[in-house]
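Just below is one structure, and these are the notes that go with it.
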Amino acid sequence: MARKLFGTDGVRGTANTAPMTAEMALRLGAAVGRYFRNDGNNQHRVVIGKDTRLSGYMFENALTAGLTSTGMNVFLLGPVPTPAVGLLTTSMRADLGVMISASHNPAEDNGIKFFGPDGFKLSDEAEHEIERLVETGVEPAKAANIGRATRIDDGRFRYIERVKSSLPSALPLRGIKVVVDCANGAAYRAAPEALWELGADVIPVGVSPNGDNINHDCGSTKPRVASETVVAHGADVGICLDGDADRVMIIDEAGNVADGDQIMGLFASRWAEEGRLNGGALVATVMSNLGLERFLGDRGVRLERTAVGDRYVVEAMRKGGYNLGGEQSGHIVMTDFATTGDGLMAGLQFLAAMVETGRKASELARVFETVPQMLKNVRYSDGQAPLEMASVQAAIAAAEADLLGNGRLLIRKSGTEPLIRVMAESEDAGVLEQSVDSVVQAVEEAVKT
């Protein structure tokens, strides 16, 4: 069954525009509440976290109304990172976790993502059933069984303690100067506090949210300010998070940025050497650079590829029993510590590598040479299907033929925005550019018709 509401990471869109309206949040709350509250007792509970977007207040209230109308007891965490919701869902014995966030998207967007009682994101099957309940409607609970809503003040502190426990106690961070860019988002308090409590000299960036500045010229998608701050303060390293802190980019002491592929390459090679890389494999998406695959192969580590989306990475990890995975965009999933990508925990693991090896960030943040990669996006409108056009398919086939034996081509629809993503890799710069541009031009012409 085709998805109508859910994308690759929950329901997402522009706030106050379908599907991200207060009415839809109310219906979603009621539907997911009914889905998880399947008996007559009143002990069912749900935890709700959010990032710092202005629209978060609206969706928090609407979801609470929908959930309590079905008898779910709601515990409001306030601004916390997405991974905190996954962790607290299990530690608080909740039936459901909800995160209100559009991750790295601009402030006018928002989203709703759900975690099951095991702390992991919901399956496709569960989301399909919730969509069905949204369409058909659900019967509310009797007046005597309406749920309660309670605000929890210590959610952030619980998360901080869990994050700190992921770093070996014998590895204090004293003497390390760290710039942490919180993207004016959900980790604006948790990340600096955790790093300071572990002994680091912390220089915070992007810690003044006002409801409208989340991810604006800051964070993992725009690390320029953090990079400049690292250099200006002579910092040892920078940790760049996105709006809900489930992504990370690392900045070395010279201001150079390392993406998720480099971070995963470092972790996978170290964990393999230490005998703690389950299954001898790293799970990553089709977007990860060919250079990563070659680097791991030289070290006897397999790269298991999945569709784009950290949920698919996690599904493959759970199915295969792997404990390390992620995305080039900076989702680093370490199931020994968390149920989803956690930018702060990944940053701490990088700091641990610095302490254990005595090496600079620049020596650890670039473990392999990347194969030149080009990515371009083409926006399309609702109802359009440019990838089904014969002209686009012909352009794709021609580009694949040009790259055969000398690279690869990946064309996909974004799961969070109305974009066609055209990506290619090749060590031949001319072939690379021609392959991408020819497909982009074909898609653009198809969109215009």
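Under 8 Å for C-alpha pairs, at least 6 residues apart: give me the relative contact order for the chain, rounded to a whole percent.
13
Distances over 17 Å make up what percent of all Cα-Cα pairs in the stretch 331-373?
Distances greater than 17 Å cover 45 percent of the Cα pairs.
Grab every C-alpha pair in the chain, bin the distances at 20 angstrom width from 0 up to the longest one, and report whole percents.
Here the calculated profile for the chain is 25, 56, 18, 0.
Looking at the calculated P(r) for the stretch 41-84, what percent of the C-alpha pair distances fall above 17 Å?
Looking at the stretch 41-84, the distances longer than 17 Å represent 32 percent of pairs.
If eta is 0.890 mPa s and T is 25 °C, what Stokes-Einstein diffusion coefficient results for the stretch 64-110, Kirkwood Rh from Cα pairs, in µm²/s?
205
Using a probe radius of 1.4 Å on heavy atoms only, what accessible surface per residue do you get for the chain? Whole Å² is fine.
40
Say we join alpha carbon atoms closer than 10 Å with springs in a Gaussian network model of the chain; which of GLY279, GLY405, GLY211 then has the biggest fluctuation?
Its mean-square fluctuation being the largest, the pick is GLY405.
Hey, which lysines would be in cross-link range of LYS113, C-alpha to C-alpha under 28 Å, not counting anything within fewer than 8 residues on its own chain?
Hits, sequence-local ones excluded: LYS4, LYS50, LYS121, LYS142, LYS164, LYS222, LYS319, LYS376, LYS413.
Would you please give the residues with an amide H less than 5 Å from that of VAL98, counting only those at least 5 places away or on a separate chain, with H modeled from the backbone geometry?
VAL47, ILE48, GLY49, PHE115
Largest first, please: the extent of the C-alpha atoms of the stretch 303-417 along each principal axis, to the nearest Å.
Projected onto the principal axes, the Cα atoms of the stretch 303-417 cover 55, 29, 27 Å.
For the stretch 216-274, what is the Kirkwood estimate of the hydrodynamic radius, computed as the reciprocal of the mean inverse distance between distinct Cα atoms, to one decimal in Å?
11.9
Give the carbon-plus-sulfur fraction of the accessible surface of the chain in %, rounded to a whole number; probe 1.4 Å, heavy atoms of protein chains only.
Looking at the chain in its full context, I get 49 percent from C and S.
Could you identify which residue out of PHE75, PHE114, PHE157 has the top mean-square fluctuation in a GNM of the chain using Cα springs shorter than 10 Å?
Ranking PHE75, PHE114, PHE157 by mean-square fluctuation puts PHE157 first.
Which residues' amide hydrogens lie under 5 Å from the amide hydrogen of VAL205, considering only partners 5 or more residues apart or on another chain, with H built in the peptide plane?
VAL180, ASP181, CYS182
Take the Cα atoms of the stretch 29-119, build their convex hull, and give its volume per residue in Å³.
77
Consider all pairwise Cα distances in the stretch 273-340 and report the whole-number % of them above 16 Å.
In whole percent, the long-distance tail amounts to 40.
Just the number, please: percent antiparallel of the DSSP beta bridges in the stretch 273-371, rounded to the nearest 5.
Close to 30 percent.
What is the local net charge at TYR159, summed over the other residues whose Cβ is closer than 11 Å to its Cβ (Lys, Arg +1; Asp, Glu -1)?
It works out to a net charge of +1.
What translational D, rounded to a whole number of µm²/s, comes out for the stretch 113-239 from Stokes-Einstein when the hydrodynamic radius is the Kirkwood one over Cα pairs, at 10 °C and 1.306 mPa s?
88
What is the ratio of the Cα radius of gyration of the stretch 234-353 to 2.2 N^0.38 Å, with N the residue count, to two decimals?
0.97
Working out 0.36 nm times the residue gap between LYS360 and GLU23, then minus their Cα-Cα distance, what length gain in nm do you get to one decimal?
116.2 nm
For the chain, give the share of DSSP beta bridges that are antiparallel, in percent and rounded to the nearest 5; count only bridges with both residues there.
Restricted to the chain, the bridges split so that about 55 percent are antiparallel.
The values are calculated or read from the model by the stated rules, or taken from the named source; none is laboratory data. Keep in mind that what you see is a predicted model, and the values were worked out from it rather than measured. Heads up, the Cβs are rebuilt from the backbone with ideal geometry, glycines too, and the neighbour counts pull from every protein chain shown. The protein model used for the area step is the full one, side chains on, heavy atoms only, and it has no ligands, DNA or RNA in it. Shrake-Rupley method; radii C 1.70, N 1.55, O 1.52, S 1.80 Å.
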